[in-house]
1. On C-alpha positions alone, give me the angle between the axis of helix 23-40 and the longest principal axis of the chain, in degrees, nearest 10.
2. Can you list, largest first and rounded to whole Å, the semi-axes you get for segment 146-223 by taking the square root of 5 times each eigenvalue of its Cα gyration tensor?
3. What do you get for the angle between helix 79-98 and the principal long axis of the chain? Use alpha-carbon atoms, 0 to 90 degrees, nearest ten.
4. Please report Rg (one decimal) and Dmax (integer) in Å for the Cα set of segment 3-132.
5. At 25 °C and a viscosity of 0.890 mPa s, what translational diffusion coefficient does Stokes-Einstein give for the chain, taking Rh as the Kirkwood radius over Cα pairs? Give it in µm²/s as a whole number.
6. How tilted is helix 158-168 with respect to the longest principal axis of the chain? Cα atoms for both, answer in degrees (0 to 90, nearest 10).
7. Rounded to a whole number of µm²/s, how large is the Stokes-Einstein D of segment 103-204 at 4 °C and 1.567 mPa s, given Rh as the Kirkwood radius over C-alpha pairs?
8. Compute the projected area of the convex hull of the Cα atoms of segment 11-86, averaged over all viewing directions, and report it in nm² to one decimal place.
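None of the figures in this text is laboratory data; all of them are computed from the coordinates on show. Everything numeric here is computed off the predicted structure, so don't read it as measured data.
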């Protein structure tokens, strides 16, 4: 399965089977986490066979069941770190999808269990990502027209529209999709957040930027502010 195929196949899954993740797949995920932490400065961790985080309290609101595995998306405070959490977390989500696993981003409806992960000084847990074999593959939300999410002068090129289609398939907090893309001259793309009462827009922005890169092709453009 390619990453483009994983984008289309991935849906948020909240109910999981009592089936362990195979050793080889765990090794693949841990290798990706090690690289991500090195490249990003985050402190992502994989917790396995731990049922307590989703066994009481707010988990009922999110309608989760059977969750025993999850990524802890930890790192420094701030908007830049939040965007990295989204970007690299979605890399893990799509990698998991290519391995035949399901997942779900979780902002509030979980409990932090002492001893299951470690934090460095000044780290916080931005969110977690439930992981495992879903009872179903999940369902796709209705997709909104791309025109409402971008600005450009003249007709948008095909690569940009492909990036937008991938971005619109990205998971965002309560499906809020509070983002806008702007195509500047010279194939420079700017991605912005839009105000939200829900929050998590910085994490969402990282997620949709990762999707956009896959759909558009990273060699087709540069992000505004990057050389």
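1. Its long axis makes an angle of about 50 degrees.
2. Three semi-axes, in Å: 21, 12, 11.
3. Rounded to the nearest ten degrees, it is 70.
4. When restricted to the Cα atoms of segment 3-132, Rg and Dmax are 13.8, 38 Å.
5. Once the numbers are plugged in, D ends up at 136 µm²/s.
6. 30 degrees
7. For these conditions, the coefficient is 79 µm²/s.
8. For the Cα atoms of segment 11-86, the hull's average projected area reads 6.1 nm².
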